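The values are calculated or read from the model by the stated rules, or taken from the named source; none is laboratory data. Not measured: the values here are computed from a predicted model. Ideal geometry is used to build each Cβ from the backbone, glycine not excepted, and the neighbour counts take in all protein chains shown.
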Amino acid sequence: MILQKLSITNQNPPGGFRFTVPENGYQMSGFHTMADLLGAVKRHYDDNNIPLPDNWQDLVENQLCQKMPAGWCHYTDGTPAQGITPVLSFENILKGITSLSKMAMEAVKGEDVYVDQNEAERRADICSRCYYNMNASFCMGCGGARVILDLVGEVRGSRTTTKDYMLQNCGVCGCRNDAIVHVKKNILLSGENSDTTNKRPNWCWLKNDSLDEAQSQLHL
């Protein structure tokens, strides 16, 4: 397996040393060294009786690198990593949810645009455990957030999941996860270019043929 490793080791990476536990969605952040992060990861897995693979330290570093901009990491075969910069600005999130709202409202005239509750719950579980489930890069308590939240309400109506409190924004597309988990995949993909889809992690339900396949890949 070809993994990513940090190329710059004498600076704190953007956002600091951080990690999301794929088995349960627990987020760790605020660490100033890789050693501190690794120690916290080991304690969490031990305390929660979650088995760690032999190469867990490499996998933690690989996850960190997958959220880094270009120039910060390289693959173990020496190839520079392309990097990713999360699209979590107000403009990107507003554009995404506005587009989704229009698609949903247009589609509802001729077809049911929503998945059933069980599928929405399973999608929400996957999103809640994904390290691309991220905070926005703007103040969610400010006036602009009200516009976004109102649009989310227009898309999903009264639909909720038990994981709503954990759902944030997708760092790949800027989508509001608490909205898209309720909408049929063909509608979501109709407004997404292939480059964005290809950037999604292997466990993303938008990239997999089945939810079982997606969930099976959420582990360290």
Please indicate, with yes or no, whether at least one residue in the range 198-216 is charged (D, E, K, R), in the same structural domain as Tyr131 (by TED's automatic domain parsing), at pLDDT 85 or above and touching a helix residue (DSSP H, G or I) at 6+ places or on another chain (Cβ under 8 Å).
yes
Out of the range 200-220, which residues are part of a helix (DSSP H, G or I) and either free of Cβ contacts under 8 Å to residues at least 24 places away in the same chain or touching a Cys at 6+ places or on another chain (Cβ under 8 Å) (or both)?
Asp212, Glu213, Ala214, Ser216
Which of (1) crowded, with 16+ Cβ neighbours inside 10 Å; (2) within 13 Å of the chain's Cα centre (by Cα); (3) part of a helix (DSSP H, G or I) does Thr197 not meet, given it meets every other one?
(1)
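Is the range 147-154 home to any residue that is part of a loop (DSSP other than H, G, I, E, B) and at pLDDT below 90?
Taking every residue of the range 147-154 in turn, none turns out to be part of a loop (DSSP other than H, G, I, E, B) and at pLDDT below 90.
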I'm told Leu52 meets every condition in (1) in a helix (DSSP H, G or I); (2) farther than 24 Å from Gln82 by Cβ; (3) in contact with a Phe, Trp or Tyr (Cβ under 6 Å, 6 or more places away or on another chain) except one. Can you identify the failing condition by its number?
(1)
Check off (1) more than 16 Å from the chain's Cα centre (by Cα); (2) acidic (Asp, Glu); (3) assigned to a helix (DSSP H, G or I) for Asp178 and give me the number that stays unchecked.
(1)
Tell me, please, whether a residue that is polar (S, T, N, Q), assigned to a loop (DSSP other than H, G, I, E, B) and at pLDDT 95 or above can be found in the range 3-11.
yes
Within the range 162-175, restricting to residues that are in a loop (DSSP other than H, G, I, E, B) and modelled with pLDDT of 85 or more, the one that is farthest from Lys67 (Cα to Cα) is Thr162
Quick check, is Lys163 among the charged types (D, E, K, R) and either over 16 Å from the mean Cα position of the chain (by Cα) or surrounded by fewer than 18 Cβ atoms within 10 Å (Cβ to Cβ) (or both)?
no
Looking at the range 149-168, I want the residues that are assigned by TED's automatic domain parsing to the domain that holds Leu188 and have a partner that is in a loop (DSSP other than H, G, I, E, B) with Cβ atoms under 7 Å, at least 6 apart or on another chain. Which pairs are those?
Arg156/His182; Arg159/His182; Thr161/Val181; Met166/Gly25; Gln168/Asn135
Of all residues in the range 12-31, which are over 14 Å from Glu61 (Cα atoms) and in a strand (DSSP E or B)?
Gln27, Gly30
For Leu59, which of the numbered conditions (1) surrounded by fewer than 17 Cβ atoms within 10 Å (Cβ to Cβ); (2) under 22 Å from the mean Cα position of the chain (by Cα) fails to hold?
(1)
